Amino acid sequence: MYLNNCWQVAAFSREIVAGRMLSRRLLKEPVVLWRTSKGRVVAMQDRCPHRSAPLSKGKLLGDSLRCGYHGLRYDTTGKCIFIPGQTLIPPKARVRMFPVIERYTFAWIWMGDEERADPDLIPDVHWMDRPGWIASEGYHAISANYKLLNDNLLDLSHETYVHVHTIGHDSVAETPVEVKYTDKLVCVTKEIASCNPPPLYQYLARVPANANVQRWQRTTYQPPGYCVIDVGVQPLEAIEGSNRVEGRVINLVTPETDSTSHYFWAFARNFRLDEPEVTEFLRENVRRTFDEDREMLEAQQTVLGDGDFDPAYKVAVKADAGAMQGRRLLATMIESEQRGAAQRAASKPADAPEVVPAG
Ligand SMILES: [Fe+2]
């Protein structure tokens, strides 16, 4: 069960190129994304209602998509506009469409009830394209359930052990977190008054390994898969040429299936903006750091096995507070969405079966 009535990232905008189809499974649903002649992104179920062929194996003909199996053509609203050898088009010859909006360099998709798709609900990741910020971004396909990735992001004590070569330091695991929450989000804060900078911050702040810095990690989690971490270090002593480092680690996780996830990420910074090598350094080192997360998450999923995506952990420690609260909030929201859907279904008359005209 997924949270459906929310905006989730389907792709980076740049991945959806005019004249080409992008096929991607999202929340188990096959989806095909493409651009109309006016540049608008459309998202359709990647499944012909006729014989279930993937539409992405077909062809774009202007503002229509022709199924590659029997030539049925669909317009940008999903309506069938042509069937070879007949003039009558059954009303049910229609492909399911999903609302899509491009914002902050991403294409956001709404997989739930269309009438609830309010653009104001798109999560805020303005650091991606706002002047004064530069984002180093990337993508990981992760063979693990998305909740394991949420747990990872809501408990950063793992950095000490998993990310020794980039952001790990003993002080991260040793410093307790403060957790606050509302009925919409969870905030997890770790304030390290003084520590030595790990390798990534030595480079970014231009300080030696034995420097003293103040370090912070302030995470905002919004279910199902939005996690933005305000991170940074402030040198505590005057070191020539050093600078304060402030960034936002933007983590946007969209389930692909129960055991696989799309992980769209970025490190957006507001310092050393005129140094493209810093952008590249961050892209490379964050990728490397998240490679390490992927390896651990996939190993964890292998131990859990298929079908156990919500394990009752035997042991809970203090550092789990944020991840546990995140899971609780996600479960509550899914439950309430399911309850609402069940109530609406109960009050709605069933569809009459359609008679398909021959001809
Ligand atoms: Fe990590």
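The values are calculated or read from the model by the stated rules, or taken from the named source; none is laboratory data. Quantities reported herein were computed from a predicted structural model and do not represent experimental measurements. When we count neighbours, we look across all protein chains shown, and the Cβ atoms used for this are built from the backbone with ideal geometry, even at glycine. These area figures cover heavy atoms from the full protein model, side chains too; ligands, DNA and RNA do not enter into them. Shrake-Rupley method; radii C 1.70, N 1.55, O 1.52, S 1.80 Å.
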- Task: Specify, per residue and in Å³, the volume enclosed by the convex hull of the alpha carbon atoms belonging to the stretch 123-337.
- Result: 119 Å³
- Query: Using alpha carbon centroids, what distance separates the stretch 145-222 and the stretch 89-111, in Å?
  - Reply: 37 Å
- Taking H as built 1.01 Å from N, whose amide H comes closer than 5 Å to the amide H of Cys6, not counting residues under 5 places away? Met111, Gly112
- Task: For Val31, list long-range residues whose amide hydrogen, built 1.01 Å from N in the peptide plane, is under 5 Å from its own amide hydrogen.
- Result: Arg24, Arg25, Leu26, Asp46
- Two-site FRET efficiency, Glu114 against Val303, from Cβ-Cβ distance with R₀ of 35 Å, rounded to 0.05: 0.35
- Task: With the convex hull built on the Cα atoms of the chain, state its orientation-averaged projected area in nm².
- Result: 20.7 nm²
- Message: Per residue, how big is the convex hull of the stretch 7-101 when only Cα atoms are used? Give it in Å³.
- Response: 93 Å³
- Note on the structure: Kirkwood radius from Cα pairs of the stretch 266-356 plugged into Stokes-Einstein at 25 °C, 0.890 mPa s, gives D in µm²/s equal to 132 µm²/s
- Message: Please compute the length gained on full extension between Ala316 and Lys79, using 0.36 nm multiplied by the number of residues separating them and subtracting their Cα-Cα distance.
- Response: 80.2 nm
- Query: Roughly to the nearest percent, how much of the accessible area of the stretch 123-337 is carbon and sulfur, given a 1.4 Å probe?
  - Reply: 53 percent
- Counting only heavy atoms of protein chains, what accessible area per residue, in Å², does the chain have with a probe of 1.4 Å? 49 Å²
- Which residues qualify? For Phe271, with a placed amide H closer than 5 Å and at least 5 residues away or on another chain, they are Glu246
- Query: Which whole-Hz couplings ³J(HN,Hα) result when phi for each residue of the stretch 260-266 is put into the Karplus expression 6.51 cos²θ - 1.76 cosθ + 1.60, θ = phi - 60°, listed in order with x for Gly and Pro?
  - Reply: 9, 9, 9, 10, 9, 9, 7
- Net dipole in debye of the chain [+1 Lys, Arg Cβ; -1 Asp, Glu Cβ; about Cα centre; nearest 20]: 1540 debye
- Query: What is the distance, in nm, between label points placed 7 Å from the Cα along the Cα-to-Cβ direction at Ile334 and at Tyr69?
  - Reply: 3.0 nm
- Item | the stretch 123-337 - percent relative contact order, Cα under 8 Å, separation 6 or more | 28 percent
- How much mean residue ellipticity at 222 nm does the chain get from its helices, if each DSSP H run of length 4 or more adds -39500 (n - 2.57) and you divide by all residues, to the nearest 500 deg cm²/dmol? -7000 deg cm²/dmol
